1. Excluding residues on the same chain fewer than 8 positions from Lys211, give the aspartates and glutamates whose Cα lies under 13 Å from its Cα.
2. Would you mind counting up the charge near Ala321? Only other residues with Cβ under 10 Å from its Cβ, with Lys and Arg at +1 and Asp and Glu at -1.
3. Work out the length of the dipole vector of segment 216-340 about its Cα centre, built from +1 on the beta-carbon of each Lys and Arg and -1 on the beta-carbon of each Asp and Glu, and round it to the nearest 20 debye.
4. Over segment 127-226, with the other protein chains present, what is the accessible area per residue in square angstrom, probe 1.4 angstrom?
5. In whole percent, how big is the carbon plus sulfur part of the accessible area of segment 193-318, probe 1.4 Å, protein atoms only?
6. Rounded, prolate or oblate for segment 120-200? Axes are the square roots of the Cα gyration tensor eigenvalues, ordered a ≥ b ≥ c, and the cut-off for rounded is a/c under 1.5.
Amino acid sequence: MRKIKVLRHSNQARNIKKRPTTHSDVSKKIVPPRSTRNIRRGHLIVGMRDMNHIEWEAWEKEVAEMQRVGALQVFGNNNRFYDALEDSQRMVKEVQKRGEELQATNEEMDAANEELQATNEEMDATNEELHATSEELERAGAYRRILTDSMVDILLTTDRKGVVTEVNKAAERISGFSQEMLVGKALAQFFTDPEKVRVGVEKVLKGEMVKDYALMLVTKEGREVPLDFNATPLCVSGRRIVGVVGTARDMTEIAKVQEELRLSAGYNRSLIEVSLDPLITISIDGKITDLNRETEKITGRSREDLLGTDFSEYFVDPEKARIGYAKAFEEGSVREYPLAIRHSDGRVIPVSYNAKSKLRSPFGGCVVFFGSRSFRLPGHRRHLVRYRS
């Protein structure tokens, strides 16, 4: 069977009536009426025949509209393409700009890394200096600790509130408290008179010094220890006062010695006062340093008037008296040296004295005079007069 030629383009639809719908030889063979292929072809032929009845003006408008819409779609697609192209170009520019910025940032980071490396080198050198300084400070601290711990006296520091910040071994030994028990506690609580301690601390914080400040420490066992406290301001930067640094000496043994000296002095004074003879002690320059009541009686002057005055002034011949005690100093003693004392009422009393310079005071330059002579006073009473200097 021969194929039927069908017009496929719409522009050729006008010529469809001029052409036969089938070839002349189509009727020569029987075409299956219900073939799918023939049915499709028949529909197409029928449709093309109906195109002769279409209003071409309206159809062309619709086609033109369709073409416009298609052109708009194509234009829109083209615009989207160009928009995408512009976006891609803009992104490329941004990427290039970002790359330039990153390159500049990398250069800055390289420079910063170089500076950081130089800073690290400086820090390493500084750390070495600090390490060396810290070692020196440790050695100095250890040396200071050795010095403070080797002290016999108490050494302590406080802050501005009077709280103990540091103590040495002597403070632990004398008080009985450990360093941990002393540091961080108020200094006043370890003494019998806390208010006196606070007054002393406040005085030092005002910039003054405290010297020979008598305090009574209470030890851990409850025993009372007399202390001689000395303190000065603890300053930083040369001026700002941050606390108190003080030393305290245990006066227990010294107090015992002072008590013994007091008893001995009392005993010596009793010996001097019990004597019936005038006794005088003078210094190397001839000043009276001590005397008994018999001396007050024979001179007619009080003890207060005689102490510290010139020994030779109370004699009729002062120069002879000076020669006498000078001879005692040079030769060690004088025996039976005649002199005459002038009483405050004008009487002249002849005396003779012995002097020895071997008995010297531990406080320096005193000579002891002993003298004796029998003489007759008014009323025919006999007295034995002795001088001791």
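1. Asp228
2. Working: positive: Lys320, Arg322; negative: Asp310, Glu313, Asp317, Glu319.
Value of the local net charge: -2.
3. Working: 17 positive and 22 negative charges, 134 e Å.
Approximately 640 debye in magnitude.
4. Numbers: 6310 Å² over 100 residues.
With the other protein chains kept in place, segment 127-226 gives 63 Å² per residue.
5. Values: 4020 of 7390 Å².
Ligands and nucleic acids excluded, carbon and sulfur give 54 percent.
6. Verdict is prolate for segment 120-200.
The values are calculated or read from the model by the stated rules, or taken from the named source; none is laboratory data. Every value quoted in this text rests on a predicted model; they were computed, and no experiment measured them. Cβ: placed from backbone, ideal geometry, glycine included. Neighbour counts: every protein chain shown. Side chains are part of the model used for accessible areas, which takes the heavy atoms of the whole protein and leaves out ligands, DNA and RNA. Shrake-Rupley method; radii C 1.70, N 1.55, O 1.52, S 1.80 Å.
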